[in-house]
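Contents: one structure, followed by commentary.
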Amino acid sequence: MILVKLGGSVITDKEQYRTFDQANVKRLAKEIVRSKMPVMIVHGAGSFGHVLAKKYHLKDGYRNQNQMKGLTQVSLDVRDLNLRIMDALQSAGLNCISIPPSACCLMDDGKLVDFDLEVVHRYLDLGIVPVTFGDVVLDLKKGFGICSGDQLMAWLADEFDPERIIFCTDVDGIFTADPHLNDDANMIEQVDRSVLARLPRSERCADVTGSIYGKIESILDLAKGREAMVVNGRVRGRLERALKGEAVKGSRVIGDG
Ligand code: IP8
(Lines give C-alpha, C1' and ligand atoms only; values in the text may rest on other atoms or scores of the structure.)
Protein backbone atom coordinates (compact mmCIF):
# COMPACT_ATOMS: atom_id res chain seq x y z
CA MET A 1 0.00 0.00 0.00
CA ILE A 2 1.20 3.52 -0.77
CA LEU A 3 0.46 6.39 1.57
CA VAL A 4 -0.11 9.66 -0.30
CA LYS A 5 -0.42 13.17 1.05
CA LEU A 6 -1.93 15.82 -1.18
CA GLY A 7 -0.49 18.96 0.37
CA GLY A 8 -2.65 22.05 0.80
CA SER A 9 -0.56 23.88 -1.82
CA VAL A 10 -1.61 21.47 -4.61
CA ILE A 11 -5.33 21.40 -3.82
CA THR A 12 -5.93 25.06 -2.90
CA ASP A 13 -4.45 28.48 -3.41
CA LYS A 14 -2.83 28.72 0.03
CA GLU A 15 -2.84 32.52 0.09
CA GLN A 16 -6.55 33.08 -0.66
CA TYR A 17 -9.16 31.96 1.87
CA ARG A 18 -11.20 28.97 0.60
CA THR A 19 -9.83 28.85 -2.94
CA PHE A 20 -10.13 25.33 -4.33
CA ASP A 21 -7.94 24.24 -7.25
CA GLN A 22 -10.46 22.03 -8.96
CA ALA A 23 -8.47 21.47 -12.16
CA ASN A 24 -5.39 20.26 -10.31
CA VAL A 25 -7.39 18.06 -7.93
CA LYS A 26 -9.24 16.44 -10.86
CA ARG A 27 -5.95 15.70 -12.61
CA LEU A 28 -4.36 14.26 -9.44
CA ALA A 29 -7.44 12.10 -8.85
CA LYS A 30 -7.15 10.70 -12.40
CA GLU A 31 -3.43 10.02 -11.89
CA ILE A 32 -4.13 8.09 -8.69
CA VAL A 33 -6.74 5.96 -10.45
CA ARG A 34 -4.59 5.43 -13.60
CA SER A 35 -1.66 4.21 -11.49
CA LYS A 36 -3.84 1.26 -10.34
CA MET A 37 -1.81 1.18 -7.10
CA PRO A 38 -3.44 0.51 -3.72
CA VAL A 39 -3.39 3.79 -1.81
CA MET A 40 -4.47 5.51 1.34
CA ILE A 41 -4.89 9.29 1.05
CA VAL A 42 -4.35 12.18 3.45
CA HIS A 43 -4.84 15.78 2.38
CA GLY A 44 -3.86 19.08 3.89
CA ALA A 45 -6.15 22.00 4.68
CA GLY A 46 -4.56 24.74 2.57
CA SER A 47 -6.51 27.98 2.60
CA PHE A 48 -9.61 26.16 3.87
CA GLY A 49 -7.88 25.64 7.23
CA HIS A 50 -4.77 27.67 7.85
CA VAL A 51 -6.11 31.19 7.32
CA LEU A 52 -8.80 31.05 10.03
CA ALA A 53 -6.83 28.65 12.26
CA LYS A 54 -4.17 31.35 12.46
CA LYS A 55 -6.66 34.19 12.96
CA TYR A 56 -8.33 32.40 15.90
CA HIS A 57 -5.10 30.92 17.36
CA LEU A 58 -6.59 27.44 17.19
CA LYS A 59 -3.23 25.66 17.45
CA ASP A 60 -2.74 27.11 20.95
CA GLY A 61 -5.92 25.45 22.23
CA TYR A 62 -8.65 27.00 24.34
CA ARG A 63 -8.16 30.62 25.37
CA ASN A 64 -11.64 32.11 25.16
CA GLN A 65 -15.14 31.56 23.79
CA ASN A 66 -14.48 33.81 20.77
CA GLN A 67 -12.35 31.01 19.34
CA MET A 68 -15.38 28.72 19.09
CA LYS A 69 -16.68 30.61 16.08
CA GLY A 70 -13.32 30.03 14.37
CA LEU A 71 -13.15 26.39 15.45
CA THR A 72 -16.58 25.55 14.03
CA GLN A 73 -15.93 27.52 10.83
CA VAL A 74 -12.57 25.77 10.23
CA SER A 75 -14.24 22.41 10.86
CA LEU A 76 -16.91 23.32 8.33
CA ASP A 77 -14.39 24.61 5.79
CA VAL A 78 -12.08 21.58 5.90
CA ARG A 79 -15.10 19.29 5.51
CA ASP A 80 -16.17 21.31 2.51
CA LEU A 81 -12.67 20.90 1.05
CA ASN A 82 -12.71 17.18 1.85
CA LEU A 83 -16.07 16.70 0.12
CA ARG A 84 -14.78 18.41 -3.02
CA ILE A 85 -11.77 16.09 -3.01
CA MET A 86 -13.96 13.03 -2.38
CA ASP A 87 -16.12 14.11 -5.30
CA ALA A 88 -13.10 14.38 -7.63
CA LEU A 89 -11.76 10.99 -6.51
CA GLN A 90 -15.11 9.30 -6.91
CA SER A 91 -15.71 10.90 -10.31
CA ALA A 92 -12.30 9.58 -11.41
CA GLY A 93 -13.48 6.09 -10.47
CA LEU A 94 -12.06 5.56 -6.99
CA ASN A 95 -14.25 3.97 -4.32
CA CYS A 96 -13.35 6.04 -1.29
CA ILE A 97 -14.65 7.05 2.11
CA SER A 98 -14.00 10.10 4.25
CA ILE A 99 -12.53 9.67 7.75
CA PRO A 100 -12.90 13.03 9.60
CA PRO A 101 -10.30 13.28 12.41
CA SER A 102 -12.48 15.56 14.56
CA ALA A 103 -14.74 12.53 15.11
CA CYS A 104 -12.15 9.81 15.71
CA CYS A 105 -8.87 11.37 16.88
CA LEU A 106 -7.57 12.80 20.14
CA MET A 107 -4.48 14.87 20.83
CA ASP A 108 -2.56 15.62 24.01
CA ASP A 109 -0.68 18.93 24.10
CA GLY A 110 -0.65 19.13 20.32
CA LYS A 111 0.45 15.54 19.75
CA LEU A 112 -1.84 12.97 18.18
CA VAL A 113 -2.37 10.27 20.83
CA ASP A 114 -5.41 8.36 19.60
CA PHE A 115 -6.75 7.51 16.14
CA ASP A 116 -9.07 4.51 16.20
CA LEU A 117 -8.13 2.64 13.04
CA GLU A 118 -10.60 -0.19 13.23
CA VAL A 119 -12.95 1.50 10.75
CA VAL A 120 -10.01 2.26 8.45
CA HIS A 121 -9.04 -1.43 8.44
CA ARG A 122 -12.62 -2.48 7.73
CA TYR A 123 -13.03 -0.09 4.80
CA LEU A 124 -9.71 -1.28 3.35
CA ASP A 125 -10.92 -4.88 3.68
CA LEU A 126 -13.94 -3.89 1.55
CA GLY A 127 -11.63 -2.41 -1.09
CA ILE A 128 -12.58 1.17 -0.22
CA VAL A 129 -9.84 3.81 0.00
CA PRO A 130 -9.91 5.79 3.27
CA VAL A 131 -9.28 9.53 2.88
CA THR A 132 -8.46 11.64 5.92
CA PHE A 133 -7.31 15.25 6.33
CA GLY A 134 -5.85 17.95 8.57
CA ASP A 135 -8.63 18.99 10.96
CA VAL A 136 -9.56 20.48 14.33
CA VAL A 137 -9.29 17.78 17.00
CA LEU A 138 -10.02 17.60 20.75
CA ASP A 139 -6.91 17.91 22.92
CA LEU A 140 -6.68 16.45 26.46
CA LYS A 141 -4.49 19.27 27.72
CA LYS A 142 -5.48 22.27 25.58
CA GLY A 143 -9.16 21.54 24.97
CA PHE A 144 -8.71 21.42 21.22
CA GLY A 145 -5.99 21.87 18.64
CA ILE A 146 -5.03 21.46 15.03
CA CYS A 147 -4.07 18.01 13.82
CA SER A 148 -1.98 18.28 10.66
CA GLY A 149 -2.16 15.85 7.79
CA ASP A 150 1.50 15.06 8.54
CA GLN A 151 0.62 13.78 12.03
CA LEU A 152 -2.04 11.56 10.45
CA MET A 153 0.51 10.34 7.88
CA ALA A 154 2.87 9.33 10.71
CA TRP A 155 0.12 7.46 12.55
CA LEU A 156 -1.00 5.63 9.40
CA ALA A 157 2.59 4.81 8.41
CA ASP A 158 3.19 3.21 11.82
CA GLU A 159 0.04 1.11 11.56
CA PHE A 160 0.10 0.08 7.89
CA ASP A 161 3.84 0.05 7.09
CA PRO A 162 3.33 1.34 3.51
CA GLU A 163 5.77 0.27 0.80
CA ARG A 164 6.11 3.91 -0.24
CA ILE A 165 5.17 7.31 1.18
CA ILE A 166 4.58 10.19 -1.23
CA PHE A 167 4.13 13.86 -0.39
CA CYS A 168 2.78 16.13 -3.16
CA THR A 169 3.78 19.78 -2.85
CA ASP A 170 3.84 22.76 -5.22
CA VAL A 171 7.60 22.60 -5.80
CA ASP A 172 9.83 19.90 -7.31
CA GLY A 173 11.14 18.61 -3.98
CA ILE A 174 13.06 19.86 -0.97
CA PHE A 175 15.19 22.93 -1.55
CA THR A 176 18.04 24.68 0.24
CA ALA A 177 15.78 27.78 0.40
CA ASP A 178 12.20 28.57 -0.55
CA PRO A 179 12.28 28.29 -4.39
CA HIS A 180 9.28 30.64 -4.65
CA LEU A 181 11.33 33.41 -3.04
CA ASN A 182 14.89 32.56 -3.96
CA ASP A 183 16.21 31.88 -7.48
CA ASP A 184 19.41 30.40 -6.04
CA ALA A 185 17.54 27.67 -4.17
CA ASN A 186 18.87 24.21 -5.07
CA MET A 187 16.88 21.03 -4.94
CA ILE A 188 18.29 18.34 -2.64
CA GLU A 189 17.71 14.96 -4.27
CA GLN A 190 18.37 12.93 -1.17
CA VAL A 191 17.55 14.22 2.29
CA ASP A 192 18.52 12.64 5.57
CA ARG A 193 18.88 14.14 9.02
CA SER A 194 22.41 15.33 8.28
CA VAL A 195 21.19 17.76 5.59
CA LEU A 196 18.27 19.09 7.65
CA ALA A 197 20.45 21.87 9.05
CA ARG A 198 20.70 23.40 5.54
CA LEU A 199 16.96 23.70 5.10
CA PRO A 200 14.98 26.95 5.39
CA ARG A 201 13.20 27.74 8.63
CA SER A 202 11.08 30.53 7.18
CA GLU A 203 7.32 30.40 6.67
CA ARG A 204 5.91 31.57 3.36
CA CYS A 205 2.24 31.92 4.24
CA ALA A 206 -0.34 31.35 6.96
CA ASP A 207 0.62 27.73 7.70
CA VAL A 208 -0.22 27.00 11.33
CA THR A 209 1.25 23.52 11.38
CA GLY A 210 4.83 24.45 10.64
CA SER A 211 7.46 25.75 8.25
CA ILE A 212 8.99 23.75 5.40
CA TYR A 213 11.78 22.89 7.86
CA GLY A 214 9.26 21.52 10.34
CA LYS A 215 7.52 19.53 7.62
CA ILE A 216 10.79 17.87 6.58
CA GLU A 217 11.57 17.07 10.19
CA SER A 218 8.19 15.37 10.51
CA ILE A 219 8.74 13.44 7.24
CA LEU A 220 12.12 12.23 8.56
CA ASP A 221 10.42 11.14 11.78
CA LEU A 222 7.58 9.30 10.09
CA ALA A 223 9.72 7.65 7.42
CA LYS A 224 11.70 5.78 10.11
CA GLY A 225 13.52 3.01 8.19
CA ARG A 226 11.40 3.67 5.11
CA GLU A 227 11.77 6.00 2.17
CA ALA A 228 9.49 8.92 1.45
CA MET A 229 9.31 10.98 -1.75
CA VAL A 230 8.48 14.66 -2.08
CA VAL A 231 7.23 15.36 -5.62
CA ASN A 232 5.63 18.26 -7.43
CA GLY A 233 1.89 17.67 -7.52
CA ARG A 234 1.44 20.55 -9.93
CA VAL A 235 3.41 18.90 -12.75
CA ARG A 236 1.41 16.50 -14.89
CA GLY A 237 2.37 12.85 -14.45
CA ARG A 238 4.72 13.17 -11.48
CA LEU A 239 2.35 11.65 -8.93
CA GLU A 240 1.36 8.85 -11.28
CA ARG A 241 4.99 7.94 -12.00
CA ALA A 242 5.93 8.13 -8.32
CA LEU A 243 2.99 5.87 -7.46
CA LYS A 244 4.11 3.32 -10.03
CA GLY A 245 7.63 3.40 -8.58
CA GLU A 246 9.12 4.91 -11.76
CA ALA A 247 12.05 7.32 -11.64
CA VAL A 248 10.67 10.82 -11.19
CA LYS A 249 12.03 14.24 -10.36
CA GLY A 250 11.73 14.85 -6.63
CA SER A 251 13.50 14.47 -3.29
CA ARG A 252 13.97 11.16 -1.54
CA VAL A 253 13.77 11.42 2.22
CA ILE A 254 15.62 8.65 4.00
CA GLY A 255 14.19 8.25 7.49
CA ASP A 256 16.27 7.39 10.54
CA GLY A 257 16.71 3.63 10.53
O1 IP8 B 1 -2.51 21.35 6.05
C2 IP8 B 1 -3.75 21.55 8.91
O3 IP8 B 1 -3.33 20.40 8.23
P4 IP8 B 1 -2.09 20.50 7.20
C5 IP8 B 1 -5.20 21.45 9.39
O6 IP8 B 1 -1.81 19.07 6.79
C7 IP8 B 1 -5.88 22.75 9.69
O8 IP8 B 1 -0.92 21.08 7.93
C9 IP8 B 1 -7.28 22.64 10.12
C10 IP8 B 1 -5.33 23.92 9.59
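Within the chain, all pairs of alpha-carbon atoms sorted by distance into 5 Å bins from zero give the percentages 1, 6, 14, 19, 21, 18, 13, 6, 2, 0, 0. Distance between the 7 Å Cα→Cβ label points at Glu227 and Glu246: 1.7 nm.
Amide hydrogen proximity for Val253: with H placed 1.01 Å from N in the peptide plane, the residues at 5 or more positions away or on another chain lying under 5 Å are Val191, Ala228, Met229, Val230. For a straight C-alpha distance cut-off of 15 angstrom, the aspartates and glutamates reachable from Lys59 (same-chain residues fewer than eight places away being disregarded) are Asp108, Asp109, Asp135, Asp139, Asp150, Asp207.
Among DSSP beta bridges lying fully in the chain, give the percent that are antiparallel, nearest 5.
Values: 16 of 42 bridges.
Here the share of antiparallel DSSP bridges comes out near 40 percent.
Amide H contacts under 5 Å for Asp114: Leu106, restricted to partners 5 or more places along the chain or on a different chain, H placed in the peptide plane at 1.01 Å from N. Hey, in the GNM for the chain with a 10 angstrom Cα cutoff, which one of Gly233, Gly214, Gly49 fluctuates hardest? The residue with the greatest mean-square fluctuation here is Gly214. Mean residue ellipticity at 222 nm, helices only, the chain: -10500 deg cm²/dmol; runs of at least 4 DSSP H residues each add -39,500 (n - 2.57), and the sum is divided by the number of residues.
Between beta-carbons, use under 11 Å as the cut-off and find the net charge around Ser91, counting Lys and Arg +1, Asp and Glu -1. Result for the local shell: +2.
In a fully extended conformation the segment linking Asp87 and Lys36 would gain 16.5 nm over its present Cα-Cα distance, using 0.36 nm per residue.
Quick check on my link table: of Lys14/Lys244; Lys111/Lys244; Lys111/Lys249; Lys26/Lys249; Lys14/Lys36; Lys30/Lys249, which ones sit more than 24 Å apart, alpha carbon to alpha carbon? The answer is Lys14/Lys244; Lys111/Lys244; Lys111/Lys249; Lys14/Lys36. Computed over Cα pairs, the Kirkwood radius of region 1-84 leads via Stokes-Einstein (1.567 mPa s, 4 °C) to a diffusion coefficient of 94 µm² per second. Projected onto its three principal axes, the C-alpha set of region 1-153 covers 47, 35, 18 Å, listed from the longest axis down. Ranking Lys215, Lys59 from most to least accessible surface, computed with a 1.4 Å probe over the protein chains only, gives Lys59, Lys215.
In the calculated pair-distance distribution of region 121-174, the portion above 13 angstrom amounts to 72 percent of the Cα-Cα pairs.
Of the GluC sites (Glu not before Pro) in region 215-257, which ones lie in a loop per DSSP and count no more than 14 other C-beta atoms within 10 Å? Working shown, then result.
Values: sites: Glu217, Glu227, Glu240, Glu246; in loops: Glu246.
Counting only loop positions with at most 14 other Cβ atoms within 10 Å, the GluC sites (Glu not before Pro) in region 215-257 are Glu246.
For region 50-131, the pair-distance distribution built from all alpha carbon pairs, in bins 5 Å wide starting at 0, is 3, 13, 18, 19, 20, 13, 9, 5, 1 percent.
The values are calculated or read from the model by the stated rules, or taken from the named source; none is laboratory data. These figures come from a predicted structure and were not determined experimentally. FYI the Cβ positions are ideal-geometry reconstructions off the backbone, even for glycines, and counts take in every protein chain you see. Heads up: the accessible areas ignore ligands, DNA and RNA and are worked out on the full protein's heavy atoms, side chains in. Shrake-Rupley method; radii C 1.70, N 1.55, O 1.52, S 1.80 Å.
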